[in-house]
Amino acid sequence: MLIVLGDVSAQGSELTRSKWTLLVQQFHNLLGPFLDLPYHVVPGDRDIGKCNDLDEVSITKVTRSFPGLDSSGCGAFDIGNINFVSLNSVALLCGNNELRFSVEKALERERIEMQTENELVKNVINESSGSKIPKHDINWRENDMSSGSGPVLLLHIPLHQTAEKNWRDDDHDGNMQDSAESSKTRTLAEAGPYELSQTLPPNATEYIFHALRPRMVFSAHAQTFSDRTHPDGTREIVVPAMSWDKGKDPEFVAVTFRRNGTYALVSHCKLSGRSHVLIYYVSLFVVFILTIQTSFRS
């Protein structure tokens, strides 16, 4: 299974539909022989753009281009007995945005489905129909699922990481304490619509933990590798960029799930740098020329 955690293109949100179609074809060509494998693409901020331009209509070109995405850019699938849920985390950065509300409803549906399957909550579907998550004051419904018992969560924007000094050991209900980071202003960065240090707001992060109880989280955006553990014990892997941008070597992560999905072996891999690839091809060219000259002389 191949999973791309967003940013298929540097400026995908600014492309016309025809140019986007060409980009998707190039993406398929890049996959090459791996195109026959099942794959899933999570929308990134470069793919769908900023909040003021974000709605279900504007991201249609993205959701219709890749398998497994609904109209809000979310998806869910199973591999063996392991459940995967992908959320359009870019929309969760927005305020009163209809796409954000659609993502919240998708998250709520996943919560209901998990609780229904585990027979922990009764008659919750009718109660929660059409619910929205308040922006600043989240009224959580009961969730008796234990931490780490939910799906593997796929995001583009990483979850909020609370520093130890902002976490109270005596806070038994799991509420994170807001830090200065939660009120910082989001500005445009050279890398895309949002700074590379951008994370989901603390309230959205805590709601995700409460609703899904993810067993593991994979995110991206920061363009550097990180293996972190949240206060509730949830492990989050921030996957680096598969790109040569800014002189960096392309990187990716390979994951093997074992013990019925309760254990994950994570390998951080790097490809050869651009200079090494150029040297390799130059060397091949030189060897080819020398071979031709030798054959002529003989």
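Observations
- Taken over region 217-234, the criterion of being surrounded by 20 or more Cβ atoms within 10 Å (Cβ to Cβ) and within 15 Å of the chain's Cα centre (by Cα) is satisfied by VAL217, PHE218, SER219, ALA220, HIS221.
- Test set (1) touching a helix residue (DSSP H, G or I) at 6+ places or on another chain (Cβ under 8 Å); (2) of a type in the set (D, E, K, R); (3) farther than 21 Å from ILE208 by Cα - ARG64 fails condition number: (1)
- Condition check for MET176 on (1) open to solvent by 10 Å² or more (accessible area, probe 1.4 Å); (2) at pLDDT 85 or above; (3) among the aliphatic types (A, V, I, L, M): one failure, at (2).
- Entirely in region 1-106, the helices (runs of 4 or more DSSP H) that have 3 or more residues that are at pLDDT 90 or above, of a type outside the set (Asp, Glu) and open to solvent by 10 Å² or more (accessible area, probe 1.4 Å): 17-31
- Residue within region 235-255 that is open to solvent by 60 Å² or more (accessible area, probe 1.4 Å), modelled with pLDDT under 90 and among the hydroxyl-bearing types (Ser, Thr, Tyr) present: no
- When residues in region 194-213 are screened for being in a loop (DSSP other than H, G, I, E, B) and in contact with a helix residue (DSSP H, G or I) (Cβ under 7 Å, 6 or more places away or on another chain), 3 of them pass.
- ARG46 vs. criteria within 20 Å of the chain's Cα centre (by Cα) and without any contact (Cβ under 8 Å) to a residue 24 or more places away in the chain: no
The values are calculated or read from the model by the stated rules, or taken from the named source; none is laboratory data. Keep in mind the model is a prediction, meaning the values are calculated, not measured. Note that we place each Cβ from the backbone using ideal geometry, even for glycine, and neighbour counts take in every protein chain shown. Please note that ligands, DNA and RNA were not included when accessible areas were found on the heavy atoms of the full protein model with its side chains. Shrake-Rupley method; radii C 1.70, N 1.55, O 1.52, S 1.80 Å.
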